[in-house]
Every structure is written in C-alpha cells, then in structure tokens.
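The values are calculated or read from the model by the stated rules, or taken from the named source; none is laboratory data. Note that the coordinates shown come from a computational prediction; the quantities given were computed from them, not determined experimentally. For neighbour counting, all protein chains shown are included, and Cβ atoms are generated from backbone atoms with ideal geometry for every residue, glycine included. Keep in mind that these areas ignore ligands, DNA and RNA; they rest on the heavy atoms of the full protein, side chains included. Shrake-Rupley method; radii C 1.70, N 1.55, O 1.52, S 1.80 Å.
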Amino acid sequence: MPSLFSRSRTTSTPGKQSSGSAPIATTQSAYDEFGRVSGSRSPLPVASKKDGGKEKKKGQDSKSRARTLSSPKQDHDVSDLVAQIPDGSFLPLNLDRPRDESGEEKTLEHDYGYLSYERHVILGLDDVARLVDVVAIELGTRCLTTPFIFSTLALDISSSAIKRLIRAFLDTCANPSSGEAEHRWREEARFAGPHELGMCIRWGLARVVRVVGGQAVRGLISWEHYVQFRDSEAALNYPPTHFATFLPPLPPVLRTILWTLLSLLIRFTAYSASSGHTPPTLSPLFGPLLFGLGPACLSFHHTYIHYLRAVSAMEHIMLAFVRWQDAPKAPGVRSDINTSITFGSATTLGVPTRLKDWIRGYPSMLTSFHIKEKQDKPQARRGARTMRVVSVRRNVRMYSPDLVKTAASWASAPRFGQDGSRGLVGSKEWERIAPSALKLPPRYSEGYKKRMDMPPNFHPYTAPTIGTSSATSSTSSASASNDVKDKPGLGIREGEDRFRNLTELKWGEFEAMGFGSLEG
C-alpha cells in the first residue's frame with residue numbers, strides 16, 4: 001500500500017463520485033464444430049422508439065414469446081448469451097457499445113490502465129489471430145532489443161498512440177471487406193512505436209471471452225487443459241518433447257495464436273541482455289491473459305490465487321516450449337499448426353545458448369515442482385519481488401462504482417458515536433500514508449499513476465473532515481476559480497493545460513489524431 005500513495009503539500013478539493021460502469025453488450029449466434037461461436041460481424045439490432053411502441057401493443061403474447069438465437073434480447077445481457085452456448089466456447093466478435101433502456105449508448109467512465117480502452121469490445125479467435133500475426137511480425141523485425149517493451153512504466157509510451165493503433169484495428173473488424181481499412185491498420189502497425197505495439201498485442205489477448213461453468217471469463221486456455229499437461233509430463237518423468245502434446249487438443253486458430261506468441265516471447269528471452277525480458281518477467285505480463293483470473297465476482301484473495309497459478313503456468317509453458325525447440329528434430333513427425341514446421345529444432349545445435357541456460361536443470365526451477373501436495377496454495381516464484389498488502393473491509397449499503405477514486409475516503413473522520421482508533425483512520429498503515437502530524441491529504445505515487453494511465457492532476461477523493469469544514473468556508477470564495485482544476489479526476493487526460501505553447505499543442509493534436517485529421 002505505501003507504494004500506491006505519496007505525500008504532497010498541495011491542497012485537494014473533494015470531487016464528485018463517478019457513476020457506475022455500464023454492462024457489456026454482447027451478441028448471440030450459433031457455434032461451429034470447434035466450439036467457437038461463429039457470429040455475424042454486423043452490429044446488434046437495436047429497437048427504435050417506433051418499434052418499441054408496436055411491441056407494447058402486442059400485449060401479453062409478445063411477452064410470453066420464447067427468445068431464440070435469432071432474436072437477441074434488447075438489453076444485450078451477457079448472461080443470456082452465455083446460457084445458450086456450450087461450455088468452453090469462445091464468444092464471437094462484438095463491437096457494440098452498451099445501451100440503456102431507451103436505446104442510447106452509455107458512456108464508459110474511469111478507464112484505468114492501457115488495456116481498458118474500448119473494454120466493451122469482445123474479439124473472436126480469428127480476429128485475435130489477425131492482430132497477433134501483424135504485431136508479432138513488427139515486434140520480431142525491429143523491436144527485439146527494445147528494453148521492457150511490454151511494461152507500463154516505459155518513459156516513452158504514448159496512450160494516444162496506443163488508442164490510435166487499436167482504433168485502426170477495430171476498423172478492420174467493423175469492415176472486414178474494406179481494403180482501405182486493412183491498409184490503414186498495417187500502416188499504423190508499421191510506423192507505431194515498440195511500446196505501442198506491445199500494449200496492442202496485450203490488449204487483443206485481453207479481449208477474448210470464454211465460457212466456463214456457465215460464466216463468462218477471460219483467458220484463452222482452460223486451467224484443466226494445463227493441469228492435464230502438467231501431470232502427464234510429471235508422470236512421464238519430464239520428456240524434452242512433451243510440449244508436442246499441449247497444442248493438438250486445442251482449436252486450430254488457438255494453436256496458431258499460441259505458436260506465434262510463444263515464438264515471439266522466446267525470441268525476446270534470447271535477446272534478454274538488451275530487452276530485459278526473461279521467463280520470470282514475461283509470465284506475469286502474459287500469464288493472466290492466457291489463463292485468466294477467474295470470474296469477475298471473486299474477491300481479491302481468490303483472484304490473487306488465480307494470478308499466482310497463471311504466472312506459474314505461463315513460465316512452465318514457455319520453458320517447456322524452449323525444451324521442445326531445443327530437442328533434436330524427429331524425422332517424419334509433422335506439426336498440426338503448419339505443414340512447414342516440424343517438431344524440435346531445425347538445427348543440430350538447438351536453441352541459442354542464452355535459452356539453454358534457462359532450461360538447464362529443468363524442472364527444478366518450476367514453482368509447481370516444489371509444491372508437496374496438489375491441494376496446497378500456489379506460491380510466488382523463489383526470489384520474486386513481493387509487496388505487503390493490507391486488507392481493509394467496510395460494510396456499505398451499496399457498492400462504490402470507482403474504488404480507485406473513493407477508497408481514500410474510508411479514512412475520513414469517524415462519525416458521531418464511532419471509535420476512530422479502531423478504523424482505518426487510526427491504523428498504523430494509514431499513518432504511513434498520511435501522517436496526522438503533517439496534515440497532508442494522500443496522493444497517488446507517480447509510479448502508480450503511470451501504471452494506471454492517470455492524468456497528472458488525478459488525486460484520490462477524500463471526504464471533508466469535521467475539523468476542516470469550518471476552516472475552509474472563509475477561503476472558499478478566493479479559491480472558487482481553482483476548484484475545477486483541483487477536483488480529483490476532473491482533469492482532461494489529454495488536455496491543453498499540459499502544453500506550454502501553441503507549437504506543442506499542435507504537435508499534441510497531431511500525435512493524437514495522426515494523418516487522418518489532414519483529410520478534411
């Protein structure tokens with residue numbers, strides 16, 4: 001917790017809490033023999049006000065009519081779609097924005113992080129395969145030596161460039177037959193920066209939704225499939241080519257995605273001296289994207305368990321893939337992914353020396369190898385950097401739509417009749433964040449704001465305390481003109497206040513809009 005906040009001697013004005021997020025809109029369609037739902041790329045039909053009036057006149061008969069796959073529900077509830085497709089299937093492409101009861105689009109607020117842009121979008125496996133192929137070629141051609149290419153803490157990462165690249169790809173999804181949209185997407189990928197490409201491929205993997213146990217979850221690979229691979233490998237005493245059994249049971253498109261992605265990641269590992277990426281650093285970035293973090297309703301502790309096992313499984317898969325590449329080529333054995341790819345290494349020397357160092361002593365470096373019982377909770381990797389987390393609970397009448405902004409208000413002054421020493425405001429953990437002797441409001445640290453892609457003037461919301469309510473009344477008129485700028489979360493993410501002159505403003509507009517703004 002101390003790493004999330006830092007102290008500053010600036011004043012803060014309590015801001016207005018944001019409204020709740022809108023539900024995700026989905027589409028409904030039939031599924032094919034591979035377990036994927038082959039849906040239409042056209043937007044969902046939305047009933048207009050005129051059609052709504054006709055439906056009201058139909059009376060009780062229209063209400064009792066059974067809904068099928070060809071007649072989706074008007075509110076586009078994701079639970080209806082999940083209930084109509086088989087377990088283990090992937091949801092089809094859906095670009096529709098969530099709508100309210102009147103049919104108007106809802107605006108999604110408080111997008112935190114680089115992967116939350118257009119979070120209502122659901123990509124099918126075919127669309128993710130197209131994105132991974134294009135971005136992997138660009139990354140493998142000119143970005144292998146870029147330091148920490150997938151990290152959110154990179155100094156030269158641009159949020160506007162990431163959004164522009166994603167919008168160019170979504171145009172190809174909305175217009176699959178448009179050659180101009182495809183050309184524009186490939187041109188954007190060609191001239192995009194390394195960090196923007198890295199975030200784009202992670203964004204695409206995060207947009208896949210799979211049905212597990214009647215619930216929509218993220219992730220491309222089921223945990224049961226990995227457990228079967230892990231246990232069979234241990235039962236066979238860890239043969240070098242056992243990774244060959246991991247891909248064939250998966251759908252063909254998913255096999256292609258994993259092959260391209262794993263090949264790219266081990267190339268970054270081979271250039272780890274300049275890229276800084278190794279299996280322990282890449283597994284936290286891609287493990288949750290491939291294996292998911294469980295249903296969205298889980299608590300933090302259960303989500304953290306899913307995170308630990310996803311990271312451990314990702315590192316295991318990467319190292320097993322390297323061993324498979326390093327094994328001698330088996331003549332006559334062909335891969336199911338591509339007819340021109342054979343199992344094992346194509347040369348007698350195997351993989352590069354830097355990759356051989358990572359698989360030396362396999363499987364002693366695996367976290368699952370040191371767990372005595374399968375029922376034990378997963379642990380962090382030996383030597384991994386950990387952080388102390390304090391769990392705080394609070395009984396509320398309704399959930400807060402934005403805890404990132406309002407969680408600091410839990411440490412406000414206690415109400416009448418409540419014991420302040422037993423709450424968060426009287427704890428030693430909160431004393432480290434906002435010492436009572438300094439009387440300074442809490443502030444997010446620069447590293448945390450960088451990870452969450454927050455504007456510089458974004459500050460946590462703190463409720464007004466009893467002691468400061470009367471003291472600030474005399475100065476309210478003098479500071480009325482600055483209230484809008486000081487309110488937390490009200491600053492524009494890409495606002496004009498961050499530019500020092502007109503030249504920087506014009507370059508900032510060009511960076512956000514690109515060459516498309518010159519067409520008019």
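Consider the range 272-294 and keep the residues that are over 25 Å from residue 242 (Cα atoms) and over 14 Å from the mean Cα position of the chain (by Cα). The one that is surrounded by the most Cβ atoms within 10 Å (Cβ to Cβ) is 275.
When you look at residue 353, is it open to solvent by 50 Å² or more (accessible area, probe 1.4 Å) and either in contact with a strand residue (DSSP E or B) (Cβ under 6 Å, 6 or more places away or on another chain) or at pLDDT 85 or above (or both), yes or no? Taking the combined requirement at face value, the residue satisfies it. Restricting the range 356-409 to residues that are of a type in the set (Phe, Trp, Tyr) and in a loop (DSSP other than H, G, I, E, B) leaves a set whose member that is modelled with the lowest pLDDT is 399.
Beta carbons closer than 9 Å, at least 6 apart along the sequence or on distinct chains, pair a first residue in the range 92-115 that is over 22 Å from residue 196 (Cβ atoms) and polar (S, T, N, Q) with a second that is open to solvent by 70 Å² or more (accessible area, probe 1.4 Å) and at pLDDT 80 or above for 107/97.
For the range 309-332, check the following and say yes or no: at least one residue is surrounded by fewer than 19 Cβ atoms within 10 Å (Cβ to Cβ), within 26 Å of residue 148 (Cα to Cα) and either among the polar types (S, T, N, Q) or at pLDDT below 90 (or both). No - not one qualifying residue is present in the range 309-332. In this entry, residue 267 passes the filter for residues that are of a type outside the set (Asp, Glu), modelled with pLDDT of 95 or more and surrounded by fewer than 18 Cβ atoms within 10 Å (Cβ to Cβ). Name the single residue, out of those in the range 230-249 being of a type in the set (Ser, Thr, Tyr) and open to solvent by 60 Å² or more (accessible area, probe 1.4 Å), that is farthest from residue 366 (Cα to Cα). Looking at residues that are of a type in the set (Ser, Thr, Tyr) and open to solvent by 60 Å² or more (accessible area, probe 1.4 Å), I get 245.
To keep it simple, each residue is scored yes or no on (1) modelled with pLDDT of 90 or more; (2) closer than 30 Å to residue 182 by Cβ; (3) open to solvent by 70 Å² or more (accessible area, probe 1.4 Å).
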{"position": "45", "(1), (2), (3)": "no, yes, yes"}
{"position": "58", "(1), (2), (3)": "no, no, yes"}
{"position": "94", "(1), (2), (3)": "yes, yes, no"}
{"position": "101", "(1), (2), (3)": "no, no, yes"}
{"position": "107", "(1), (2), (3)": "no, yes, yes"}
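The set of residues from the range 113-153 being assigned to a helix (DSSP H, G or I), open to solvent by 40 Å² or more (accessible area, probe 1.4 Å) and either in contact with a Pro (Cβ under 6 Å, 6 or more places away or on another chain) or not hydroxyl-bearing (Ser, Thr, Tyr) (or both) comprises 126, 130, 133, 137, 142. Candidates 162, 166, 157: the one that is open to solvent by less than 40 Å² (accessible area, probe 1.4 Å), touching a Phe, Trp or Tyr at 6+ places or on another chain (Cβ under 8 Å) and in a loop (DSSP other than H, G, I, E, B) is 157. For the range 185-221, a residue qualifies if it is under 14 Å from residue 114 (Cβ atoms) and within 11 Å of the chain's Cα centre (by Cα), and the qualifying residues are 199, 200, 201, 202, 203, 204, 205, 206, 207. Scanning the range 205-260 for residues that are assigned to a loop (DSSP other than H, G, I, E, B) and free of Cβ contacts under 8 Å to residues at least 24 places away in the same chain turns up 236, 237, 239.
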